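The values are calculated or read from the model by the stated rules, or taken from the named source; none is laboratory data. The model shown is predicted, which means the values in this text are computed figures rather than measured ones. No Cβ is skipped: glycine too gets one built from the backbone with ideal geometry, and neighbour counts run over all protein chains shown. Heads up: the accessible areas ignore ligands, DNA and RNA and are worked out on the full protein's heavy atoms, side chains in. Shrake-Rupley method; radii C 1.70, N 1.55, O 1.52, S 1.80 Å.
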Amino acid sequence: MTGRLRALLARRASRTRWGYVPTLPALVFFTVLALDEGIPTVLYLATLGAVCLLQLFRPTLLGWALLFVLFVLSTVSTLYTAAFYTSHGVPIDRRQYVLLQACGGVPTATLFLARPRMQGDEHGAMFLALTLAAIMIAPLFTAIL
């Protein structure tokens, strides 16, 4: 078990760093949008922005998982919200929808493509990282869940 925990914070290959490049501007955009939600949400997203900056210099599995889960949930929540509104006859602004979908989908895709590779002795570390990240990120989406 301690091997898996160490694997969460072990330095990863530098080739995975390019996946964080589109993530940082999207996080800044989401943080600015969160100003309407309140200070706790802004602090949460600003902390994730700091994680993203750290990932550029010292990529880890847990940092990747936090950002990946955030953008997957963001993409899914945008899809769900748009489907809910349109099914109830509420018009949506397509430009805003496309912008929000791109801000979630592009980082999701790049983070998925640049995901850290597991070593032979790290079985289960990816699952553990994604589970911990889901537990940490889920409070941002409680209004939707």
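Given the condition surrounded by fewer than 18 Cβ atoms within 10 Å (Cβ to Cβ), of a type in the set (G, A, S) and part of a helix (DSSP H, G or I), answer yes or no: does some residue in the range 132-141 qualify?
yes
With the structure loaded, tell me whether G19 is modelled with pLDDT under 90, closer than 20 Å to L132 by Cβ and in contact with a helix residue (DSSP H, G or I) (Cβ under 6 Å, 6 or more places away or on another chain) or whether it fails that test.
For G19, the condition - modelled with pLDDT under 90, closer than 20 Å to L132 by Cβ and in contact with a helix residue (DSSP H, G or I) (Cβ under 6 Å, 6 or more places away or on another chain) - is met.
Going residue by residue through the range 59-66, is there one that turns out to be open to solvent by 20 Å² or more (accessible area, probe 1.4 Å) and over 10 Å from the mean Cα position of the chain (by Cα)?
yes
Of all residues in the range 48-77, which are outside any helix (DSSP H, G or I) and either within 17 Å of P22 (Cβ to Cβ) or in contact with a strand residue (DSSP E or B) (Cβ under 6 Å, 6 or more places away or on another chain) (or both)?
Result: P59, single match.
So which residues in the range 78-108 are more than 21 Å from the chain's Cα centre (by Cα) and assigned to a helix (DSSP H, G or I), if there are any at all?
A83, F84, Y85, T86, S87, R94, R95, listed by residue number.
Can you tell me which of A50, A65, A13, A46 is among the aliphatic types (A, V, I, L, M) and over 20 Å from I135 (Cα atoms)?
Within the list A50, A65, A13, A46, the selection yields A13.
Restricting attention to the range 77-112, and to residues there that are among the aliphatic types (A, V, I, L, M) and closer than 20 Å to L45 by Cα, which single residue is least open to solvent (accessible area, probe 1.4 Å)?
Top of the filtered list is L111.
So which residues in the range 1-46 are hydroxyl-bearing (S, T, Y) and either surrounded by fewer than 12 Cβ atoms within 10 Å (Cβ to Cβ) or closer than 22 Å to Q101 by Cβ (or both), if there are any at all?
Listed by number, the residues that qualify are T2, S14, Y20, T23, T31, T41, Y44.
Would you confirm whether any residue within the range 55-63 is at pLDDT 90 or above and over 22 Å from R11 (Cα atoms)?
No, the conditions are met nowhere in the range 55-63.
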